[in-house]
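The values are calculated or read from the model by the stated rules, or taken from the named source; none is laboratory data. All of these numbers come straight from a predicted model, not from anything done at the bench. Heads up, the Cβs are rebuilt from the backbone with ideal geometry, glycines too, and the neighbour counts pull from every protein chain shown.
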Amino acid sequence: METKFIELFKEVLELEDKNVNLTDEFRQYDEWDSLVYLSIIAMLDDEYDIVIETDEFKKILTVGDLMEEVKKRTSK
Amino acid sequence: MAFQTIPNVIISGIAACVPKNIEKNIDSSLFSNLDDATKFIKSTGIVEKRTVSDDLTSSDLCYYAAEKLISNLNWGKEDIDCLIFITQTPDFIVPATSCILQNRLGLSKECHAFDVTLGCSAWVYGLSIMGSLISSGNFKKGLLLVGETTTKTKSKQDKSTYPLFGDAGSATAIEFSPGSSGFKVHSGTDGSKFSAINIPDGGFRSQTNLNSLDMVKFEEGVVRNKLQYIMDGAAVFTFTITTVPKSITLLMEKSQVENENIDFLLLHQANKMIVDKVSSKLKFEEERVPTSYEKFGNTSCSSIPLTMVHKISSHLRTKKLNLIACGFGSGLSWATAYFETKNIICPDLIEV
């Protein structure tokens with residue numbers, strides 16, 4: 001789960017050749033913008049069949065938080 | 001469930017009108033560099049759009065579309081007994097623009113005319129409203145005028161809205177036709193998210209005041225005042241990819257129509273991401289999902305009729321088609337219709 005999630009996440013942000021840590025606050029990446037956010041929403045829907053409402057998403061700060069949220073929602 | 005079956009009506013013709021002026025996103029000063037602009041165009045698919053000059057309104061664009069359509073249909077103006085104008089950019093706060101259009105088009109004073117305020121769900125809602133009024137045979141010929149000069153509501157310094165939108169107007173002729181299968185419609189509303197697409201001031205909840213015109217910077221490239229349009233793109237995207245496929249699937253089930261029997265899926269042209277996502281979820285291949293966002297941007301309520309005129313007019317003129325149309329946007333509001341057309345009148349796109 002973790003490797004696949006990180007791969008997908010890096011692909012959306014076009015961070016393939018960089019290191020991504022679970023503690024990274026993804027909104028701080030230079031690559032983060034509103035279009036990338038939309039691509040993340042689309043990726044979560046495509047790959048995991050989940051949609052995180054914007055109010056919920058605001059509370060998610062790090063790559064690890066996002067992965068945990070995905071885990072929580074897909075295990076239901 | 002908000003399902004309607006509206007028999008005994010047909011669409012007889014569709015026309016669309018856009019302003020001549022083209023703005024290309026690659027030239028936009030809103031993007032900090034060429035890379036940013038290219039990335040925006042690649043994601044949204046919006047290469048260019050049409051924008052009105054200050055003196056052109058939504059009703060002007062609809063007027064030109066209507067004149068051309070009435071003339072090509074050979075309709076007598078005295079026979080048009082119903083006119084509905086749907087927009088979020090009317091000529092005036094008072095009166096209803098439909099009254100002005102009744103006179104300008106030279107329609108009879110025996111004409112039932114009113115305005116409706118809706119955004120991107122407007123055209124499909126219009127089919128259901130006009131269809132219901134005509135279905136009984138009380139009215140025989142109706143003009144549904146749907147248009148928006150949406151760029152007038154956007155801040156030119158707001159990259160989260162301005163580059164996405166374009167201006168357009170449309171006219172759809174709807175006629176009483178006893179025995180026709182008519183329109184099947186599913187609609188829905190979620191007002192809890194109304195602020196996702198909003199112009200804060202200028203109505204009567206928060207009237208225009210001395211601070212309404214203050215330009216406020218929200219982030220780099222996002223500067224606007226309170227008389228200008230706000231869109232929470234992520235909230236709208238999240239809503240769309242969940243709600244829209246559901247509405248279309250529900251209507252198809254209810255109407256007992258299979259995917260392979262639909263000739264074209266006509267989606268509101270929000271942008272490439274949304275159109276692609278909804279089409280792939282519903283398993284409609286590209287060829288059956290005509291688009292207009294590339295050349296016209298998101299034209300709000302006009303986007304479905306504009307797409308029909310822009311991309312499938314030759315099919316509309318010469319064939320019998322099974323169509324699904326779905327509009328979704330401000331409100332939040334959405335509506336899906338299933339209907340047939342056969343050899344309808346569809347003039348070439350009008351440019352003014």
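Figures for the structure shown
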| item | result |
| --- | --- |
| Pairs, first without any contact (Cβ under 8 Å) to a residue 24 or more places away in the chain in the range A:6-35, second among the polar types (S, T, N, Q) and in a loop (DSSP other than H, G, I, E, B), C-beta under 7 Å, six or more apart | A:S34/B:S160 |
| Residue count, the range B:49-93 (criterion: outside any helix (DSSP H, G or I), aliphatic (A, V, I, L, M) and surrounded by 22 or more Cβ atoms within 10 Å (Cβ to Cβ)) | 5 |
| Only one of A:D65, A:D55 that is of a type in the set (D, E), assigned to a helix (DSSP H, G or I) and within 14 Å of another protein chain (Cβ to nearest Cβ) | A:D55 |
| In the range B:1-48, the residues that are surrounded by fewer than 16 Cβ atoms within 10 Å (Cβ to Cβ), part of a loop (DSSP other than H, G, I, E, B) and touching a Leu at 6+ places or on another chain (Cβ under 8 Å) | B:M1 |
| Positions within the range A:45-76 being within 18 Å of A:T23 (Cβ to Cβ) and not small (G, A, S), in sequence order | A:K59, A:I60, A:L61, A:T62, A:V63, A:D65, A:L66, A:M67, A:E68, A:E69, A:V70, A:K71 |
| Residue list for the range A:36-47, filter: more than 8 Å from chain B (Cβ to nearest Cβ) and either without any contact (Cβ under 8 Å) to a residue 12 or more places away in the chain or of a type in the set (A, V, I, L, M) (or both) | A:V36, A:I40, A:M43, A:L44, A:D46 |
| Residue within the range B:220-228 that is modelled with pLDDT under 95, among the β-branched types (V, I, T) and under 22 Å from B:I274 (Cβ atoms) present | yes |
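Conditions (1) part of a strand (DSSP E or B); (2) more than 30 Å from B:A2 (Cβ to Cβ), marked per residue:
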residue	(1), (2)
B:V185	yes, no
B:D201	no, yes
B:N211	no, yes
B:Q228	no, yes
B:A235	no, no
